[in-house]
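Have a look at the structure below, then the notes.
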Amino acid sequence: MRRLHCLREGTEALRDITLDIDEGEILAVVGPRGSGRSSLLGCVAGRLPVHEGEVWFGDLPVHALPEAARARMRREHVGWIGDTPRLLPELTVRENVALPLLLAGAGSRAAHRAAREWLGRLDADGFARRRPAGLTRAQRQRVAIARALVTGPTVLLADEPGAPLRGRDRLCALRALVAAARSHHITTVITGTGPELAGLVDRVVTLEDGRVMDPAPTPGA
């Protein structure tokens, strides 16, 4: 990101953001609500327009791409996890995880095999045949993580993935996400408000009023 500015509903959500994210790095973007964390992820993913500045994905100028090209970039390279697991209620857990591969043209057998593997890595294979309504919040979030990773994305963007969880469930979900991303060398950006991310990631960047604050050392990195 270079001198990035983003407006949302007439308000400047991001102000003069310059930030490099290395390949394979796991980065936490923290700050209070309204600090611009979600807007930053939206610009990186090409979901939000860049009003000034540049966003580059390798040699790809995300800020200058038409919408169809940005959508293709997201489909081929980006995994997304939000604060609410948007699972299809009529599908089983395994079918929900296999769905992105099926939509990308993979065969049913290969898609379901990959779904089983990722559910196993995230200790979620025990409820693979159940539907989302029969799961706890923590279980649904693990399914959402598996669904985001099943396509083998180059970049994983996680917008407050621990928000719907509390206590031990929250920490376990974040640890599972980071461990899976690290083992597969997936460049990852996670947003949050709490201190629990600091001991899990490679680097922490703090946003305040849409600006990057001075960096601080990351304890336990």
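Within region 26-65, the set of residues being among the charged types (D, E, K, R), surrounded by 14 or more Cβ atoms within 10 Å (Cβ to Cβ) and in a loop (DSSP other than H, G, I, E, B) comprises Arg47 only. Report yes if Arg94 is closer than 22 Å to Arg147 by Cβ, open to solvent by 40 Å² or more (accessible area, probe 1.4 Å) and at pLDDT below 95, otherwise no. When the stated conditions are applied, Arg94 does not pass them. List every residue pair whose Cβ atoms lie under 8 Å apart, where the two residues are 6 or more positions apart in sequence or sit on different chains, the first residue falls within region 66-88 and is within 17 Å of Ala98 (Cα to Cα) and touching a residue at least 12 places away in the same chain (Cβ under 8 Å), and the second residue, located anywhere, is surrounded by 13 or more Cβ atoms within 10 Å (Cβ to Cβ) and of a type in the set (D, E, K, R). Correct list of pairs: Trp80/Arg74; Trp80/Asp159; Ile81/Asp159; Pro85/Arg140; Leu87/Arg140; Leu87/Arg147; Leu88/Glu95. Say we look at region 97-106 and pick out the residues that are modelled with pLDDT under 95 and among the small types (Gly, Ala, Ser); which of these is least open to solvent (accessible area, probe 1.4 Å)? In this case the residue turns out to be Ala106. Checking region 72-86 against the condition returns a match, with at least one residue being small (Gly, Ala, Ser) and within 23 Å of Gly134 (Cβ to Cβ).
Applying a threshold of 8 Å to beta carbon distances and a minimum spacing of six or more residues, or different chains, the list of pairs starting in region 1-23 at a residue that is within 20 Å of Gly34 (Cα to Cα) and outside any strand (DSSP E or B) and ending at one that is open to solvent by 80 Å² or more (accessible area, probe 1.4 Å) and not β-branched (Val, Ile, Thr) reads Met1/Asp20; Met1/Trp56; Thr18/Arg2; Thr18/Arg3.
Table: residues versus (1) open to solvent by 20 Å² or more (accessible area, probe 1.4 Å); (2) modelled with pLDDT under 95.
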site: Val78; (1), (2): yes, yes
site: Ile81; (1), (2): no, yes
site: Glu90; (1), (2): yes, no
site: Glu117; (1), (2): yes, yes
site: Ala133; (1), (2): yes, yes
site: Thr136; (1), (2): yes, yes
site: Arg147; (1), (2): yes, yes
site: Thr154; (1), (2): yes, yes
site: Ala163; (1), (2): yes, yes
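Quick check on my filter: what residues within region 102-150 are touching a residue at least 12 places away in the same chain (Cβ under 8 Å), in a loop (DSSP other than H, G, I, E, B) and hydrophobic (A, V, I, L, M, F, W, C)? Result: Ala104, Leu122, Ala124, Ala128, Leu135, Val150. Kindly indicate whether Glu52 is touching a residue at least 12 places away in the same chain (Cβ under 8 Å) and either of a type in the set (Gly, Ala, Ser) or in contact with an Asp or Glu (Cβ under 8 Å, 6 or more places away or on another chain) (or both). Considered against the rule, which asks whether it is touching a residue at least 12 places away in the same chain (Cβ under 8 Å) and either of a type in the set (Gly, Ala, Ser) or in contact with an Asp or Glu (Cβ under 8 Å, 6 or more places away or on another chain) (or both), Glu52 comes out as no. Within region 66-76, the set of residues being open to solvent by less than 70 Å² (accessible area, probe 1.4 Å) and not aliphatic (A, V, I, L, M) comprises Arg70, Arg74.
The values are calculated or read from the model by the stated rules, or taken from the named source; none is laboratory data. Owing to the predicted nature of the structure, the values given are computational and were not obtained by experimental measurement. Using ideal geometry, Cβ is built from the backbone for each residue, glycine included, and neighbour counts are taken over all protein chains shown. Please note that ligands, DNA and RNA were not included when accessible areas were found on the heavy atoms of the full protein model with its side chains. Shrake-Rupley method; radii C 1.70, N 1.55, O 1.52, S 1.80 Å.
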